[in-house]
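Okay, structure first, notes after.
The values are calculated or read from the model by the stated rules, or taken from the named source; none is laboratory data. Note that the structure is predicted; figures quoted are calculated from it, not measured. Heads up, the Cβs are rebuilt from the backbone with ideal geometry, glycines too, and the neighbour counts pull from every protein chain shown. The accessibility values were calculated without ligands, DNA or RNA, using every heavy atom of the protein model including side chains. Shrake-Rupley method; radii C 1.70, N 1.55, O 1.52, S 1.80 Å.
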Amino acid sequence: VSAETSSTADQYQLNLRKGVTEISGQVYDLHMLMFIICVVIAVLVFGAMFWSMFFHRKSRGAQPANFHESVKVEIAWTVVPFIILVVMAFPAAKTLIAMEDPENSEVTILVTGSQWKWHYKYMENDVEYYSVMATQQEQINNKFAKGENYLLEVDRPLVIPTGKKVRFLVTSDDVIHSWWVPDFAVKKDANPGFINEAWTNVNEPGIYRGQCAELCGKDHGFMPIVVIAKEPAEYQAWVNEQEDIQRKAKEEEQRLLAMNMTMEELMVTGEQVYLRACAACHQPNGQGLPGVFPALVGSDMVLNDMTAHLDVVINGKAGTAMQAFAKQLTMSELAAVITYERNAWGNDTGDMVQAKDINAVMTGQ
Amino acid sequence: MAQQQQEQVYEKYYVPDQSPWPIVGAVALFLIAYGAGNFVIEQTKGESGYGGWTLLAGIATLIFMLVGWFRNQIHESMSGLYSAQLGRSYRQGMAWFIFSEVMFFAAFFGALFYARVIALPWLDGASNNAMTAEVLWPNFEAIWPLTKTPGGVETTAMGWMGLPLYNTIILLISSVTCHFAHVALEKQQRTKLIAFMAVTILLGLFFLVLQVEEYVHAYREMNLTLQSGIYGNTFFLLTGFHGMHVTLGTIILIVLFLRILKGHFTPENHFAFQAGSWYWHFVDVVWVMLFFFVYIL
Amino acid sequence: MSTATTELGHDDHHHHAPSGIKRWLYTTNHKDIGTLYLWFAFIMFLIGGAMAMVIRAELFQPGLQIVDPNFFNQMTTVHGLIMVFGAVMPAFTGLANWLVPMMIGAPDMALPRMNNWSFWILPMAFSILLASLFMEGGGPAFGWTFYAPLSTTYSNDTTALFVFSVHIMGISSIMGAINVIVTIFNMRAPGMTWMKMPLFVWTWLITAFLLIAVMPVLAGAVTMVLTDKFFGTSFFSASGGGDPVMFQHIFWFFGHPEVYIMILPAFGIISAIIPTFSRKKLFGYASMVYATTSIALLSFIVWAHHMFTTGMPVGAELFFMFATMLISVPTGVKVFNWVATMWRGSLTFEVPMLFALAFIVLFTIGGLSGLMLAIVPVDFQYHDTYFVVAHFHYVLVTGAIFSIMAAVYYWLPKWTGKMFDITLAKWHFWCSLISVNVLFFPMHFVGLAGMPRRIPDYALQFADFNKWISLGGFAFGLSQLIFLALLIKACRKKGEPVSDQVWEGAEGLEWEIPSPAPYHTFETPPVIK
Ligand code: HEA
Ligand code: HEA
Ligand code: CUA
Ligand SMILES: [Cu+2]
């Protein structure tokens, strides 16, 4: 019920959000200050204009006056606006300097954008993962009803502690993205090859949503950000749990190296992985987008060149949009998806790839 | 008083008749742009296509247009249709064109300065980029010339002694000889004019030969190529565009030379010559800037 | 303000306009070339507008309806490119061609053949750009700002065509600008001193200077994009020692002056129209000239206000914020001047005046939102949202485009010798005025509420306003068809004949020659007292 009310409240939101941090509050005040000054100026200017339009119109018998050029007036309307600008400049500079000071943070998170997902890495802990939009394709294509957080939901949100200064190191693997959470008043471009810093200190626990704010290609509109702010104790518990899970996953992966999956298992996992990681570019039907993303159906490499296929999926292809998936998928997932690509959509090569094959390529054997 | 002066200088302005050449020129640019675009695409894909041919057709059309247009122009000029005021229009037009060329080079000089003064130090942790260096490029060191890129491509720096220095001297001398040619033209000293023009052209050609030699040396022995990171990029784009301008300048000088042989110019009426010599001086000044910022500093 | 003493425009008979297609292909006449430019610009406005209609149709409701995201990005990109380089700039150049010689008493532009060349390059350039939409991989999809590396490593191959097409449209602009400058420097009639020049001439002179200064920089930017994409350079890639943000610096060094290129001539137009229909001299001519110059100079040191979120050091952010705020002062001087001109005038509301008045109000709204954008801490919230889209459509559509329409209505009777269809014109004005605000005003709201720009689909809370925005957009698009009808009618020389002065209160050389303006004017220069 509360979700219902909050979403209808949003519907007619006209103004900027006040947000949930001290900085975002200052930004909101600054916005309101600017807004009011602008409205006052507009009212004065338009008022004078409408006054003359009404009272000095020819049809009311107005005779044109003959005055022009007045140094006094002209100096006045140069100096007064200048003073107004100075009044605006002070609070703006003050807030800006505070916003750009990431010193003394307690938690540092490396935020990496890539087409079209976010990667979060906790610099002080052994936790890192990708965060991908969770809205179903069917909702986007108007086949299913749209959920409440349509386009603003992800599979794995970022989790941060409340009441602590959290520093974000923002960068990118490919094109420029921009990490934006309105409620924190944080928007920082993710530039490939460089790291920008931003920070926040959230007061209230809650779920905060944002989006990628720099055109980054086809799915720029489908790259949301979800941040959960938890009380420090809860946050710590979450971190411990994640460290545990990630350690276990690594052990599991080592174990899987020794095992062989069946074709069926490979194809089922492969399809899931494909739809999650590859379909955005190569399309669900493997046809790609001609001239933009190559087709996998009938591709010479997929059909005939296993070594090249493994290499391009694991290491990516420099100078193109093809990413290196080694760091994004587990070895068994890589094995499954490559198997899937070699056998789906009539590519029936019958080839099977196992996790240990991937391991061999990755360790250079 | 100023007004009176203006009245005197205003003559009947020559408004030229219709001409087919501009639209031929527009078609030429279409073929060049469309052809070059497709040519580049075909080259990267390793496909064959009509791009290269379209480009060539465009260049041929452009040359055809230039020859035709200039022939008309020379004819009109020689038959005394032009006024002093028109001459001023041409001169001012040329001056602003050269200004636009200066701004074109400014973009690349800007890139050079930005890379040296900002991008590289930042990659090495300067300003607000401490984490850039720490997390992304721990082994990178910002030096100029950048002999090792953050990605690890290595190259060698091009010194300023030797070829570049000779080239500087050659161009500086050519600028002087070009000026002497102009003086000779204004004093109607025909032999001197021809001699100085010939020397200027030869120096221009000599510069180009040396420049090609330098490129061969850079590619073969120094591993300095267009792909060598920002140092090679700025080096080749700046010197390359400059080289293209020298080539164009030399062609202009050759055309002027032929026209001098035909006795086209008079001390009063030689806009084409003046434009050509301005262009040549401009190319020289750019080189001096290049020599200083690309080679020495 | 200035009077001409020599006999004017007597030479209608001995130089007839050549007829047939060759008249247009080979022409060296500034009026013909002006007409060509204006029609070209209008057609581009319709094509760019049609793309905006695709954008608005897709954004009519949440979900993907009619186009896929990749095509949507192409529409956004090409819409921006076409409107900026194909509609607004050529329209202003067309007006300059028609008016500058007539206003300064020159027989033609200084370099008439180059003038023809400048024009005919444009259709060539835009046919290449538009053709790329139909090629494999589609047209450019990286925004009109083509930020690297989206436009380099991650773009499709037709980027090469985009690059070369921008090159040749740049050549066209530069030649056009050289022509304007040389004409103004060298062809003023005796007595037409600098401080007697109409403001439209002044603003265009300064615009032309901006063009020559920054178009070559754009050429440099696209060249580096080309070599980064196809020839292995790394200007915009950190691993080779370059920087993607360097692209933005180079682009906006061009891009910011570019937006003033699209507004300074508008200031000149409004400064001509307001005094005419107020029947009163412009309040401060000299201060208008100085304000224009100040805006142009300041425009070179504010470019990074488009880049506040790129991670510049705080010192640079402060510098660019203060410099940007300063531009409000000379712009304010202009607005105040117009209002002071109207003050105690004797106002009538003919169609050009209606558009000019709408311009003042709506441009100021756009300017004030620009000022809000200049405040860095809040720009972090506004940047890359529809708030920015609202800002620039107010200054561009209700600014630049409205001023162009005002200009066309103002001078059209002089061009054709007939009054345009006033009823249609009034319909055009009122429909446009209402729909344009339904179209662009709510963009402020969705922007503040957090809707990013350049997205084909949006969260549910933005749905209501987007519906209104789209409806406003369709209505505004349809309103332009009224304008099309009116123009066709005007070109077929329908309507009441007009006097030489056309508008009671109009002053300047162009109102002293016959209506329609003869094919050749001022073969012997008038003397201005
Ligand atoms: C004609 C085009 C035009 C014009 C004239 C302007 C004018 C201004 N613009 Fe705008 N702008 C654009 C076109 C234009 N802009 C475009 C196209 C973009 C987006 C590009 C893209 O990303 O695609 C953009 C984006 C843009 C941004 C970047 C936003 C972002 O991406 O985050 C900023 C930020 O500072 C900005 C600021 C300004 C300012 C301060 C002015 C000033 O010149 C306005 C001055 C006018 C006034 C202030 C009103 C009148 C003055 C008074 C009545 C006087 C009294 C007032 C005071 C002194 C307070 N503009
Ligand atoms: C002067 C410049 C100019 C003009 C006039 C316009 C005019 C319009 N623009 Fe603008 N726009 C830009 C410059 C301009 N725009 C720029 C620079 C961008 C940024 C691009 C980028 O992000 O890279 C942009 C982006 C932009 C967006 C954001 C897209 C996005 O971020 O995804 C939107 C969305 O609504 C939009 C809408 C409109 C609309 C509805 C009009 C209307 O005013 C259009 C009016 C409609 C018509 C004139 C059509 C009339 C004709 C018909 C109805 C029939 C035609 C049929 C045929 C010819 C077959 N524009
Ligand atoms: Cu990532 Cu937009
Ligand atoms: Cu700007």
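Check off (1) touching a Pro at 6+ places or on another chain (Cβ under 6 Å); (2) without any contact (Cβ under 8 Å) to a residue 40 or more places away in the chain for residue C:154 and give me the number that stays unchecked.
All conditions pass for residue C:154, except number (1).
Scanning the stretch C:289-324 for residues that are farther than 30 Å from residue A:171 by Cα and away from ligand 4 (no atom under 12 Å from the Cβ), which turns out surrounded by the fewest Cβ atoms within 10 Å (Cβ to Cβ)?
Residues of the stretch C:289-324 farther than 30 Å from residue A:171 by Cα: C:289-299.
If we keep only those that are away from ligand 4 (no atom under 12 Å from the Cβ) as well, we get C:289-294, C:296-297.
On the way: C:289: 18, C:290: 14, C:291: 23, C:292: 25, C:293: 16, C:294: 16, C:296: 21, C:297: 12.
Looking at the filtered set, the residue picked out is C:297.
Answer yes or no: is there a residue in the stretch C:77-89 that is open to solvent by 40 Å² or more (accessible area, probe 1.4 Å) and at pLDDT 95 or above. Break it down stepwise before answering.
First, the residues of the stretch C:77-89 that are open to solvent by 40 Å² or more (accessible area, probe 1.4 Å): none.
Looking through the stretch C:77-89, none of the residues is open to solvent by 40 Å² or more (accessible area, probe 1.4 Å) and at pLDDT 95 or above.
Within the stretch C:477-510, take every residue that is under 23 Å from residue C:106 (Cβ atoms) and touching a Pro at 6+ places or on another chain (Cβ under 6 Å) and give me the one that is most open to solvent (accessible area, probe 1.4 Å).
Across the stretch C:477-510, the extreme among qualifying residues is C:500.
Does residue C:229 meet the test of being open to solvent by 10 Å² or more (accessible area, probe 1.4 Å) and more than 9 Å from chain B (Cβ to nearest Cβ)?
Answer is no for this residue.
Please indicate, with yes or no, whether at least one residue in the stretch C:153-163 is out of contact with any Leu (no Cβ under 7 Å at 6 or more places or on another chain), within 23 Å of residue B:13 (Cα to Cα) and open to solvent by 10 Å² or more (accessible area, probe 1.4 Å).
For the stretch C:153-163, residues out of contact with any Leu (no Cβ under 7 Å at 6 or more places or on another chain), within 23 Å of residue B:13 (Cα to Cα) and open to solvent by 10 Å² or more (accessible area, probe 1.4 Å): absent.
Here is a list: C:55, C:33, C:47. Which entry is over 28 Å from residue C:201 (Cβ atoms) and away from chain A (no Cβ under 14 Å)?
C:47
Go through the stretch B:204-218 residue by residue and tally those that are within 17 Å of the chain's Cα centre (by Cα) and over 18 Å from residue B:252 (Cβ atoms). Let's see the steps before the verdict.
In the first step, residues of the stretch B:204-218 are kept if they are within 17 Å of the chain's Cα centre (by Cα); the result is B:204-212.
Right, trim to over 18 Å from residue B:252 (Cβ atoms) and you get B:209-210, B:212.
Total meeting the criteria: 3.
Sort out which residues of the stretch B:171-196 are within 28 Å of residue B:219 (Cα to Cα) and buried (at least 17 other Cβ atoms within 10 Å of the Cβ), and write them in order of number.
B:171, B:174
Among helices (runs of 4 or more DSSP H) lying entirely in the stretch C:373-465, which contain 3 or more residues that are farther than 19 Å from residue C:487 by Cα and either within 16 Å of ligand 4 (Cβ to nearest atom) or open to solvent by 10 Å² or more (accessible area, probe 1.4 Å) (or both)?
Numbers: elements: C:376-382, C:386-395, C:402-416, C:422-449.
Ranges flagged: C:376-382, C:386-395, C:422-449.
Test each condition in (1) among the polar types (S, T, N, Q); (2) without any contact (Cβ under 8 Å) to a residue 24 or more places away in the chain; (3) touching a helix residue (DSSP H, G or I) at 6+ places or on another chain (Cβ under 6 Å) for residue A:66 and report the one that comes out false.
For residue A:66, the exception is condition (3).
Checking the structure you have, find out if any residue of the stretch C:342-354 is open to solvent by 10 Å² or more (accessible area, probe 1.4 Å), part of a helix (DSSP H, G or I), more than 20 Å from residue C:383 (Cβ to Cβ) and modelled with pLDDT of 95 or more. Even if it seems obvious, please write down each step before you answer.
Quick first cut of the stretch C:342-354, residues open to solvent by 10 Å² or more (accessible area, probe 1.4 Å) only: C:343-344, C:348-350, C:354.
Going one step further and asking which of them are part of a helix (DSSP H, G or I), we end up with C:354.
With the extra rule that they be more than 20 Å from residue C:383 (Cβ to Cβ), the set shrinks to C:354.
Restricting the remaining residues to those that are modelled with pLDDT of 95 or more gives C:354.
Within the stretch C:342-354, one or more residues are open to solvent by 10 Å² or more (accessible area, probe 1.4 Å), part of a helix (DSSP H, G or I), more than 20 Å from residue C:383 (Cβ to Cβ) and modelled with pLDDT of 95 or more.
Being at pLDDT 90 or above and not in a helix (DSSP H, G or I) is the requirement here; does residue C:501 meet it?
Numbers: at pLDDT 90 or above: yes; not in a helix (DSSP H, G or I): yes.
Taking the combined requirement at face value, the residue satisfies it.
Looking at C:69, C:62, which one is in contact (Cβ under 8 Å) with a residue 12 or more places away in the chain, more than 18 Å from residue A:216 (Cβ to Cβ) and within 14 Å of chain A (Cβ to nearest Cβ)? If you could, list the steps in order and put the result at the bottom.
On the way: C:69 fails: more than 18 Å from residue A:216 (Cβ to Cβ).
After ruling out the rest, the residue left standing is C:62.
Mind listing whichever residues of the stretch C:139-166 are at the interface with chain A (Cβ under 7 Å from one of its Cβ atoms) and not aromatic (Phe, Trp, Tyr)?
Residues satisfying the conditions are C:143, C:149, C:150, C:153, C:156, C:157.
So is residue A:73 in contact with a Pro (Cβ under 6 Å, 6 or more places away or on another chain) and at the interface with another protein chain (Cβ under 9 Å from one of its Cβ atoms) or not?
On the way: in contact with a Pro (Cβ under 6 Å, 6 or more places away or on another chain): no; at the interface with another protein chain (Cβ under 9 Å from one of its Cβ atoms): yes.
Spelling it out, it is not the case that residue A:73 is in contact with a Pro (Cβ under 6 Å, 6 or more places away or on another chain) and at the interface with another protein chain (Cβ under 9 Å from one of its Cβ atoms).
Using beta carbons and a limit of 7 Å, which pairs, at least six apart or on different chains, have the first residue in the stretch C:371-382 and more than 7 Å from chain A (Cβ to nearest Cβ) and of a type in the set (Asp, Glu) and the second one open to solvent by 10 Å² or more (accessible area, probe 1.4 Å) and in a helix (DSSP H, G or I)?
The qualifying pairs are C:379/C:373.
Please go through the stretch A:299-315 and give me each residue that is under 18 Å from residue A:285 (Cβ atoms) and open to solvent by less than 50 Å² (accessible area, probe 1.4 Å), ordered by number.
A:299, A:302 - these are the residues of the stretch A:299-315 that are under 18 Å from residue A:285 (Cβ atoms) and open to solvent by less than 50 Å² (accessible area, probe 1.4 Å).
Given the criteria closer than 29 Å to residue C:214 by Cα and either hydroxyl-bearing (Ser, Thr, Tyr) or open to solvent by less than 10 Å² (accessible area, probe 1.4 Å) (or both), does residue C:278 qualify?
On the way: closer than 29 Å to residue C:214 by Cα: no; either hydroxyl-bearing (Ser, Thr, Tyr) or open to solvent by less than 10 Å² (accessible area, probe 1.4 Å) (or both): yes.
It is false that residue C:278 is closer than 29 Å to residue C:214 by Cα and either hydroxyl-bearing (Ser, Thr, Tyr) or open to solvent by less than 10 Å² (accessible area, probe 1.4 Å) (or both).
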